[in-house]
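The values are calculated or read from the model by the stated rules, or taken from the named source; none is laboratory data. Computed from a predicted structure; not experimentally measured. Cβ placement follows ideal geometry from the backbone for every residue including glycine, while neighbour counts extend to all protein chains displayed. With ligands, DNA and RNA removed, areas are computed over all heavy atoms of the protein, side chains included. Shrake-Rupley method; radii C 1.70, N 1.55, O 1.52, S 1.80 Å.
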Amino acid sequence: MKRIAILGLGGVGGYFGGLLAKAYQKSDDVEIIFIARGETQKAIIENGLKIVTDDSETVVYPNLVSNDASEIGQLDYLICATKTYDIEESLTSLKESINKETVILPLYNGVDAPERIQKLFPENEVLQGCVYIISMIFSPGTIRKIGFYEKLFFGSKTASFSKLEELQNIFIKAKIESYLVDNIEETVWEKFIFISALASTTAYLNQNIGEILNNTESKVTYIELLHEIEDVAQAKGLKLPHDIVAQTIQKLEKSPKEATSSMHRDLVAGKNTEALSLVQFVVNEGKKYGVKTPLYEKIAGILIQ
């Protein structure tokens, strides 16, 4: 029996965790555990996790919903999708469930998560991963997904191929559009370039995707950020497509116009934001590699008080 836990049941963890729970509800081979607390835990125990897409509603029940490590027990795989500012606290609370065989897959917005998790669990296999999806918490225990685009990428330079392949097969059987890729660091950075510039622009200008694309000044701001972060990635020695900026703009043009970033939504709602991982991180990496990032610095100064 393979035991897989999902930590963080927001737009990403809730959606992909929901697909896993649906696929393996009656399985003898795979057990799906949701790690949740408070209102979310209560709602899922009572009514299941509801996933609402543009054309369907599904309710799923995992094998267990808990945030108590002693109740959760030992895990084979842990998929992490909390906010980046919760990494240390949320994972430390689960250390009883993580043995040295537990494989950890981070699906965060930033690119600094694997390194931070590896510090907490130096003996564990920490994979790299990222997703493309527009989804959010509609209410506790209900996830709303917009549009039909969803992709999950993961990989590792050090993990055994059998472990990676086992996880990929589990995803595929759950009808998750998942790709096990060799050049995972580049793939994760391609996503990071997209999400970092988008989060920075939407939060800084208080505009959604359509408004940014339809306003010349806003679009110039977005493109300037793309160039700054591309310079940082190149200085780090990452082998990204030569037309990464054009590709990223194209991704934005294909996104639902009414959508925005989760960081922008959090800022408007007066919640904690991921500005440290999505904005300040770029400034810090720029300093480390001698790359100037004036617009990122300006936005970081406004968003991080």
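Let me check I've understood the local charge: for Ser262, count other residues with C-beta under 12 angstrom from its C-beta, Lys and Arg +1, Asp and Glu -1. What total comes out?
With Lys, Arg at +1 and Asp, Glu at -1, the net is +1.
How large is ³J(HN,Hα), in whole Hz, for each residue of the range 30-43 in order, when computed from phi with the Karplus curve 6.51 cos²θ - 1.76 cosθ + 1.60 and θ = phi - 60°, using x for Gly and Pro?
The phi angles translate into 10, 10, 10, 10, 9, 9, 8, 9, x, 4, 5, 4, 4, 4 Hz.
Tally Lys/Arg at +1 and Asp/Glu at -1 over every other residue whose Cβ is under 9 Å from the Cβ of Tyr108; what's the total?
It works out to a net charge of -1.
Regarding the range 195-305, what's the average projected area of the Cα-atom convex hull, expressed in nm²?
The Cα convex hull of the range 195-305, projected and averaged over all directions, gives 6.6 nm².
Counting only trypsin sites (Lys or Arg not before Pro) that are in a DSSP loop and have at most 16 other C-beta atoms within 10 Å, tell me the longest site-free stretch of the chain.
38-99
At 1.4 Å probe size, with the rest of the protein present, what percent of the exposed accessible area of the range 188-240 is carbon and sulfur atoms?
Carbon-and-sulfur percentage of accessible area, whole number: 42.
How high is the FRET efficiency between His242 and Tyr149 when r is their beta carbon distance and R₀ equals 22 Å, given to the nearest 0.05?
0.35
Net charge around Lys151, counting only other residues with Cβ within less than 10 Å of its Cβ (Lys, Arg = +1; Asp, Glu = -1)?
Once all neighbours under 10 Å are counted, the net charge is -1.
Report Rg/Rh for the range 250-305, rounded to two decimals, where Rg is the Cα radius of gyration and Rh the Kirkwood radius.
Rounded to two decimals, Rg over Rh is 1.05.
Counting just the Cα atoms, what span does the range 46-138 cover along each of its three principal axes? Round to the nearest Å and put the largest first.
43, 31, 20
Given the pairs Lys50/Lys145; Lys157/Lys191; Lys157/Lys254, which are separated by over 21 angstrom at their Cα positions?
Violating the 21 Å Cα-Cα cut-off are Lys157/Lys254.
Need one number: % antiparallel among DSSP beta bridges in the range 90-209, to the nearest 5.
Rounded to the nearest five, the antiparallel share is 65 percent.
With θ set to phi - 60° and the Karplus curve 6.51 cos²θ - 1.76 cosθ + 1.60, what are the ³J(HN,Hα) couplings of the range 71-76 in order, to the nearest whole Hz, using x for Gly and Pro?
With coefficients 6.51, -1.76 and 1.60, one gets 7, 5, x, 6, 10, 8 Hz.
Quick one: plug the Kirkwood hydrodynamic radius of the range 1-67 (C-alpha pairs) into Stokes-Einstein at 10 °C, 1.306 mPa s, and report D in µm²/s.
135 µm²/s
For the range 224-294 and the range 72-121, write down the distance between their C-alpha centroids in whole Å.
23 Å
Can you give the Kirkwood hydrodynamic radius for the range 36-81, in Å, rounded to one decimal and based on Cα pairs?
Kirkwood radius, the range 36-81: 12.2 Å.
Give Lys119/Lys236; Lys175/Lys239; Lys83/Lys119; Lys151/Lys173 a once-over and call out the pairs whose C-alpha atoms are over 24 Å from each other.
Distance filter (> 24 Å) returns Lys175/Lys239.
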